[in-house]
Amino acid sequence: MEFEDVIQSVDSWVGEGIVPGVSIAVEHHGKLVAEHHTGNAAPDRPVTAETLFALASVSKPFSAAAVMGVIDQGFFSLDDEVASILPTFSETDDPFAEDAFPPLEAQRDDITFRQLLAHISGAPENAGIKRIRPTTLPTMNEQVEIMMHVPLKSAPGEILRYSNLGPAIAAHAAEVATGIPFHQLLQHTILDVMGLASIALTPDASLDDRIAIVQAPSNEGTPAESYNSRYWRENGITWGGYFGTARDVLRFATSFLPNRDNPLSHESVLAMTTDQVHGAEGGVESLGVIWNPGFWGAGWEVKGTKRRHWTGETSSADTWCHWGQAGTLVWVDPTRELGVAVLANRTVRTPWPLRPARWTGLSDAIIEVADRKG
């Protein structure tokens, strides 16, 4: 069986009505060895190699790379306190609010950029509907301003808790430190340098015919509809708002392999792709996924010893990856020089990739072919 044979198994996802469409790309030993596109991006519009999928949280490593670029330029370091760039970060609207614990709030000054990017800052997964109401169509900057003051749920460095707040606040700090709007910063220092023309940060109407419509979005049927609304697309939230093709997402992920064309320093690449949480217990609370020990880099999730993992049971402990709520997954196993981007357009609110373990099964099948080829 060849790579092409394995990846065509995603046809069954479409045929069984699990997802409307899928785009998948596989790289092995520096070559794009397989690519497959199936189903529909929208009614009467098939998925092609040029289809832009909502990346959701697969956006986070892109944002993290731009932050690391700012660190490479010396504006601040990974272990600098966030409050040194964003003084108001150490403040809360009300330290005695119902969901605030004063002894934790007193530790906000200690939070570092490494902790923000590796999800061990103590921040919750989301700001919460009481603080950010999508129906009011808040701008990205308005959302980040609110995120800056959300009470902590644990002490900095104590627990691995996947959080949208960490990358959002780190990106804001990069913007403040450089004086350059973050989307412009990411575009010029990462995407343009790497030639990633099919990653769109804030796609306008001219790209509508290329964008896959996502099924089962949040706030469906409202102006705030996730992924599909004009509001969502043009907001370009740094923690989950970008769009891209499978091929360019894969090119970005594999650029972190040794001796690849990546604009970041060796130290930044290493920080992004290796564990920065020292095995802290925790995980993704909204999925009910908790690991002990846990592993995460300053941008990429690191597999480590995690079991029943989306990158496969047989992927190496050094594998880095990220998945997105819109139905997207990318991973790279450096021991095999193997990378996969599989993008679909149905949210994991209906946990189709996990139950049954479709992502895991597909990943293991691809790894089996890679191991046979050597």
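With respect to the conditions (1) surrounded by fewer than 20 Cβ atoms within 10 Å (Cβ to Cβ); (2) within 25 Å of residue 173 (Cα to Cα); (3) of a type outside the set (D, E, K, R), residue 287 falls short on a single one, namely (2).
Only helices (runs of 4 or more DSSP H) whose full extent lies in the range 174-283 are considered here, and the ones with at least 2 residues that are in contact with a Phe, Trp or Tyr (Cβ under 7 Å, 6 or more places away or on another chain) and crowded, with 19+ Cβ neighbours inside 10 Å are 266-273. Does the range 229-252 include one or more residues that are within 23 Å of residue 24 (Cα to Cα), touching a helix residue (DSSP H, G or I) at 6+ places or on another chain (Cβ under 8 Å) and among the polar types (S, T, N, Q)? Within the range 229-252, not a single residue is within 23 Å of residue 24 (Cα to Cα), touching a helix residue (DSSP H, G or I) at 6+ places or on another chain (Cβ under 8 Å) and among the polar types (S, T, N, Q). With respect to residue 47, determine if the residue is farther than 29 Å from residue 269 by Cβ, within 23 Å of the chain's Cα centre (by Cα) and surrounded by 16 or more Cβ atoms within 10 Å (Cβ to Cβ). Judged against the criteria, residue 47 is a match. Residue selection: residue 82 fails the criterion of being closer than 21 Å to residue 245 by Cα, touching a residue at least 40 places away in the same chain (Cβ under 8 Å) and surrounded by 18 or more Cβ atoms within 10 Å (Cβ to Cβ).
When each of 155, 100, 127, 106 is tested for being among the hydrophobic types (A, V, I, L, M, F, W, C), loosely packed, with under 15 Cβ neighbours inside 10 Å and free of Cβ contacts under 8 Å to residues at least 60 places away in the same chain, the lone residue that passes is 106. A residue that is of a type in the set (A, V, I, L, M), free of Cβ contacts under 8 Å to residues at least 40 places away in the same chain and touching a helix residue (DSSP H, G or I) at 6+ places or on another chain (Cβ under 7 Å) occurs nowhere in the range 181-201. If you check 65, 25 for being in a strand (DSSP E or B) and crowded, with 16+ Cβ neighbours inside 10 Å, only one passes: 25. Working only within the range 330-350, note down all residues that are modelled with pLDDT of 95 or more and either assigned to a loop (DSSP other than H, G, I, E, B) or more than 15 Å from residue 248 (Cβ to Cβ) (or both). Passing the criteria: 331, 333, 334, 335, 336, 337, 338, 344, 345, 346, 347, 348.
Just one of the listed residues (340, 332, 302) is of a type outside the set (D, E, K, R), farther than 14 Å from residue 59 by Cβ and touching a Gly at 6+ places or on another chain (Cβ under 7 Å), and it is 332. Taking the criterion of being assigned to a helix (DSSP H, G or I) and within 20 Å of residue 87 (Cβ to Cβ), the residues of the range 118-160 that qualify are 141, 142, 143, 144, 145, 146, 147.
A quick yes/no check of all residues on (1) at pLDDT below 95; (2) farther than 26 Å from residue 300 by Cβ:
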{"position": "93", "(1), (2)": "yes, yes"}
{"position": "97", "(1), (2)": "yes, yes"}
{"position": "124", "(1), (2)": "no, no"}
{"position": "131", "(1), (2)": "yes, yes"}
{"position": "135", "(1), (2)": "yes, yes"}
{"position": "142", "(1), (2)": "no, yes"}
{"position": "166", "(1), (2)": "no, no"}
{"position": "174", "(1), (2)": "no, no"}
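Quick check: anything in the range 52-62 touching a strand residue (DSSP E or B) at 6+ places or on another chain (Cβ under 9 Å), in contact (Cβ under 8 Å) with a residue 40 or more places away in the chain, among the aromatic types (Phe, Trp, Tyr) and assigned to a strand (DSSP E or B)? Yes, because at least one residue in the range 52-62 is touching a strand residue (DSSP E or B) at 6+ places or on another chain (Cβ under 9 Å), in contact (Cβ under 8 Å) with a residue 40 or more places away in the chain, among the aromatic types (Phe, Trp, Tyr) and assigned to a strand (DSSP E or B). Answer with yes or no whether residue 315 is in contact (Cβ under 8 Å) with a residue 60 or more places away in the chain and hydroxyl-bearing (Ser, Thr, Tyr). Considered against the rule, which asks whether it is in contact (Cβ under 8 Å) with a residue 60 or more places away in the chain and hydroxyl-bearing (Ser, Thr, Tyr), residue 315 comes out as no.
The values are calculated or read from the model by the stated rules, or taken from the named source; none is laboratory data. Source: prediction; values computed, not measured. Cβ atoms come from the backbone with ideal geometry, glycine included; neighbour counts cover every protein chain shown.
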